[in-house]
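The values are calculated or read from the model by the stated rules, or taken from the named source; none is laboratory data. All figures in this text were calculated on a predicted structure; none of them were measured in a lab. A quick note on method: Cβ atoms are made from the backbone with ideal geometry, for glycine too, and the neighbour counts reach across all protein chains shown. Surface accessibility is based on the protein's heavy atoms, side chains included, excluding ligands, DNA and RNA. Shrake-Rupley method; radii C 1.70, N 1.55, O 1.52, S 1.80 Å.
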Amino acid sequence: MPELPEVYGYQQYINSTCLQQKILSIDVRDTRLIKMPLSDLKKMLIGNSWVGTERIGKYLFIHVNTGEVLVMHFGMTGRPSYYHESVERPRFGHIEIVFDNGYHFAFENKRKFGWWDMTRSVEEYRTAHKLNVDARDLNYGQFKEVVAHRKTAIKNVLMNQSVTTGVGNWIADDVLYQSQIHPLKKANELTEEELKTVYAKLQHVLEVAISHEARYQDFPDYFLIHNRKGREGCYHTGVTLEKIKIGGRTTYYSPEWQKI
């Protein structure tokens, strides 16, 4: 599933390919992927252009020259694709835009969990959907304010988009692994030092992922993500990782390294 680092990369991709180009047409194969009537989407985009982007967590906001804002969420398998008109439309490019420069943009969405929406402003959308600021933009004071009082497992807190917007399952697991914190430990039971460690590791994991363009195989060896599938030994202790469910999400941790 695309998480904050992947969507950051998608944002850079769109910035470098799709801006300041007049939109000639749009084709939507499945209108369930858009949260507005198709006629409204066409009215918003055709004849206009994308002029800039913003991102909050996994949400990508594309500013239209009219002042309106297109919202993209990539779901589990979504990704953008920009290609010349001579190239065949991607198989799962369920939404396609035609620009006036001979290039097309496709919103590839194999499992159809991604979607588009529209809003008048990014801040209005963020407030209405109870999103915090992007996890990269949180300072420690803001992080402590939204985390420290919560009487639930720290793994659940990190996954809450009103707390750390953009953090998904593998990121939460890696942050807690690198912090040496058990994922079931309650957030309000963390010491000041532990809170500072979790915050620091959150920023570290995000920056490493972005710097490696979310190519997990290139992450440092001490990242938990390398061992999630095979449940191999802990990098620090060699003990086999354990798998549990927290908040309905599969969670990996090292029982000797992350003691509750």
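What do you get for trypsin sites (Lys or Arg not before Pro) in the range 188-260 restricted to DSSP loop and a cutoff of at most 14 other Cβ within 10 Å of the site's Cβ? Write out the running numbers ahead of the final one.
Numbers: sites: Lys196, Lys201, Arg215, Arg228, Lys229, Arg231, Lys243, Lys245, Arg249, Lys259; in loops: Arg215, Arg228, Lys229, Arg231, Lys259.
Listed in order of number, the matching sites are Arg215, Lys229, Arg231, Lys259.
Find, among the GluC sites (Glu not before Pro) in the range 61-165, those assigned to loop by DSSP (not H, G, I, E, B) with at most 10 other beta-carbon atoms within 10 angstrom. Display every interim value, and only then the final one.
Working: sites: Glu68, Glu85, Glu88, Glu96, Glu108, Glu123, Glu124, Glu145; in loops: Glu68, Glu85, Glu88.
Hits after loop and neighbour filter: Glu88.
Taking the Cα atoms only, what angle lies between the long axis of helix 4-17 and the longest principal axis of the chain, rounded to 10 degrees?
Computed tilt is about 30 degrees.
For Lys22, which lysines qualify as cross-link partners when the Cα separation must be under 17 Å and same-chain residues fewer than eight apart are set aside?
Lys42, Lys43
Using DSSP loop states and a limit of at most 16 other Cβ atoms within 10 Å to flag chymotrypsin sites (Phe, Trp or Tyr not before Pro), what is the longest stretch of the chain containing no flagged site?
Details: sites that count: Phe113, Tyr222.
The segment 1-112 is the longest one with no such site.
Pull out the extension gain between Arg120 and Arg89, defined as 0.36 nm times the separation in residues minus the alpha carbon to alpha carbon distance; nm, one decimal.
Working: separation 31, 0.36 × 31 = 11.16 nm, distance 3.03 nm.
Result: 8.1 nm gained on full extension.
Please report, in debye to the nearest 20, how large the charge dipole of the chain is about its Cα centre when each Lys and Arg carries +1 at its beta carbon and each Asp and Glu carries -1 there.
About 880 debye.
Determine the dipole magnitude for the range 110-260: charges of +1 sit on the beta-carbon of Lys and Arg, -1 on that of Asp and Glu, nothing else is charged, the reference point is the Cα centre, and the result goes in debye to the nearest 20. Let's see the in-between values first.
Details: 23 positive and 19 negative charges, 153 e Å.
I would put it at about 740 debye.
Give me the angle, in degrees from 0 to 90, between the Cα long axis of helix 192-211 and the longest principal axis of the Cα atoms of the chain, rounded to the nearest 10.
With rounding to tens, the tilt is 40 degrees.
Summing Lys, Arg as +1 and Asp, Glu as -1, what charge do residues with Cβ under 12 Å from the Cβ of Thr31 carry, Thr31 excluded? Intermediate values should be presented prior to the final figure.
On the way: positive: Arg29, Arg32, Lys35, Lys42, Lys112; negative: Asp27, Asp30, Asp40.
That sum, taken over residues with Cβ under 12 Å, equals +2.
Using 7 Å Cα-to-Cβ label points, what is the Gln142/Asn15 separation (nm, one decimal)?
Taking the two extended label points, one gets 1.8 nm.
Determine by what factor the alpha-carbon radius of gyration of the chain differs from 2.2 N^0.38 Å, reporting the quotient. Don't skip to the answer; put the middle values down first.
Details: Rg = 20.1 Å, N = 260, 2.2 N^0.38 = 18.2 Å.
Taking N as the residue count of the chain, the ratio is 1.10.
Out of every Cα pair in the range 1-59, what percent are spaced more than 13 Å from each other?
Numbers: 1169 of 1711 pairs.
Considering the range 1-59, 68 percent of its Cα-Cα pairs are separated by more than 13 Å.
Out of the total accessible area of the range 14-117 (probe 1.4 Å, heavy atoms of protein only), what percent is carbon and sulfur?
Details: 2140 of 4680 Å².
Answer for the range 14-117: carbon and sulfur cover 46 percent of the accessible area.
Report the extension gain between Ser162 and Met36 in nm, rounded to one decimal, defined as 0.36 nm multiplied by the number of residues separating them, less their alpha carbon distance.
Working: separation 126, 0.36 × 126 = 45.36 nm, distance 2.43 nm.
Result: 42.9 nm gained on full extension.
Largest first and to the nearest Å, give the Cα extent of the range 135-255 along each principal axis.
Result for the range 135-255: principal-axis Cα extents of 36, 29, 26 Å.
Give, rounded to the nearest 20 debye, the magnitude of the charge dipole that the range 83-148 has about its Cα centre when Lys and Arg contribute +1 at Cβ and Asp and Glu contribute -1 at Cβ.
The dipole of the range 83-148 has a size of about 380 debye.
Going toward the positive end of the dipole of the range 76-215, with +1 on Lys and Arg Cβ and -1 on Asp and Glu Cβ, which of His84, Ser121, Val175 do you reach last?
Val175
Running Debye on the range 23-114 with equal point scatterers at the Cα sites and no solvent, what base-10 log of I(q)/I(0) appears at q = 0.17, 0.23 Å⁻¹?
Treating every Cα as an identical point scatterer, log10 I(q)/I(0) equals -0.73, -1.40.
Taking a probe of 1.4 Å, how large is the accessible area per residue of the range 111-170, in Å²? The partial results should precede the final answer.
Values: 2800 Å² over 60 residues.
Heavy-atom SASA per residue in the range 111-170 reads 47 Å².
Among all lysine pairs in the range 94-188 that are eight or more places apart or on different chains, how many have alpha carbons less than 21 angstrom apart?
Pairs that pass both the separation and distance tests number 10.
How much length is gained on full extension from Asp221 to Thr77, taking 0.36 nm per residue of separation minus their Cα-Cα distance? Kindly include the intermediate steps, with their values, before the conclusion.
Values: separation 144, 0.36 × 144 = 51.84 nm, distance 2.58 nm.
Gain on stretching Asp221 to Thr77: 49.3 nm.
Round to a whole angstrom and tell me the spacing of the C-alpha centers of the range 209-223 and the range 1-72.
One Cα centre to the other: 27 Å.
Sort Lys110, Lys186 from largest to smallest accessible area, using a 1.4 Å probe on the heavy atoms of the protein chains. Before the final figure, lay out the partial values.
Values: Lys110 125, Lys186 95 Å².
Descending accessible area places them as Lys110, Lys186.
What's the angle, to the nearest 10 degrees (0 to 90), between helix 169-179's Cα axis and the longest principal axis of the chain?
Roughly 30 degrees, rounded to the nearest 10.
Which FRET efficiency value, to the nearest 0.05, do you get for Lys112 and Glu189 by plugging their Cβ-Cβ distance into 1/(1 + (r/R0)^6) with R0 = 35 Å?
Values: r = 40 Å, r/R0 = 1.15.
Given R0 = 35 Å and the Cβ-Cβ separation, E is 0.30.
Rank Leu131, Val208, Phe223 by how far each Cα sits towards the positive end of the charge dipole of the range 113-260 (+1 on Lys, Arg Cβ; -1 on Asp, Glu Cβ) and give me just the farthest.
Leu131
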